[in-house]
1. Provide the gained length on full extension for the span A51 to A213, in nm with one decimal, where the gain is 0.36 nm per separating residue minus the Cα-Cα distance.
2. Determine the alpha carbon to alpha carbon distance for each of K154/K237; K30/K237; K35/K237 and list only those over 26 Å.
3. Does region 132-216 come out rounded, prolate or oblate by the C-alpha gyration tensor, with a ≥ b ≥ c the root eigenvalues, rounded set by a/c under 1.5 and, if not, prolate when a/b is larger than b/c and oblate if not?
4. Could you give the nm distance between label points at K311 and E175, where each point is 7 Å from its Cα heading toward the beta carbon?
5. Please give the charge dipole size of region 213-297, origin at the Cα centre, charges +1 on K and R Cβ atoms and -1 on D and E Cβ atoms. Round to the nearest 20 debye.
6. Taking the alpha-carbon distance from K311 and a cut-off under 15 Å, which aspartates and glutamates remain once sequence neighbours fewer than 8 residues away in the same chain are dropped?
Amino acid sequence: MPQSFSKPAPASVAIALNAVLAAVENESPKVLCVKSEDGRLGLPYGPFNPALHRTFEIGLRDWVEQQAHVSLGYIEQLYTFGDKGREAPAAALKGGAADDRVVSVGYLALAPEAARVNAEEAGWRDWYEFFPWEDWRNGPPAILEDEILPALGKWTSARDESARRARVGLAFGLEDAGWEEERALDRYELMYEAGLVVEAARDRGARGSPLTAKTGESMISDHRRILATAIGRLRGKLKYRPIIFELMPPLFTLLALQRTVEAIVGFRLHKQNFRRSVAQSGLVVRTKGSAVQETGGRPAALFRVNREALKDRAAKGLAIPRMKRASDSGGPAAAKQG
């Protein structure tokens, strides 16, 4: 007789929709956060309900409006997060079962300003509060060179030294690799694996260390991983699509445009080279007779986006010329920005 096999019980899957809504305010890159019932921070999220939502995007917009009373403008799908165990501790979805496998569909949304949030449980936070090692605008972050890199050095020497060292070197720009701003997710995941962030200790049922208390605010579930993915995506996309103008008001100065790009990528730009790139792109138009007084110097001209140029599917992003620093040629991290 043929051997019979019992069929495994069908897996229960819940689909969650997550939003990374970003804006730049006073040269600070902000992300919209909501608080869970126990007061922990997370991204706006909720379950996809096929009975109510014709598309994932419609469902996401509904959840953000319900949780933060903010309407989304520009939006694009970011990534689908479905790894087993990634939701530990489970991102509880109302109406779902405790053992549901949660698959999250992440979205990146951009706004020209940090809109007023009419909800006590929601608010805007600077994303460098979650990733303090990513902000190089005032030079190499002290926590990176003083604590994170030494801790990663110990981690690489503990086991499988060569493979780990190569991964750390590539992610953190050691030796000749050079710091690449788009690798925000790689850096966070290495720090998680090495136990250097709060979520790593939390998910392993362990207590955090003095270092994990310094490596940024934690988030519920794997929301900090989703945010790191969004930061890396946005930083990379600035170079090949004119997406930066989704973060700008109708009228802006070239200095304001430069400071917005710097806030996103996390380092200073070469002013003249950046302005040359903007002029050559044809993506902005100077407004006649309009100027605004900026700190020091003479009034600065106001510009607006060239909407006709944006309609061109071949329209590219802006060059991002790093400002070279004396420290770029060496240092313990050797994380070159030149």
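Please treat every number below as a calculation from the coordinates, not as lab data. Being a predicted model, the structure only gives us computed values, none of them experimental. Ideal geometry is used to build each Cβ from the backbone, glycine not excepted, and the neighbour counts take in all protein chains shown.
1. 54.1 nm
2. K154/K237; K35/K237
3. oblate
4. 5.2 nm
5. 320 debye
6. Filter leaves E246.
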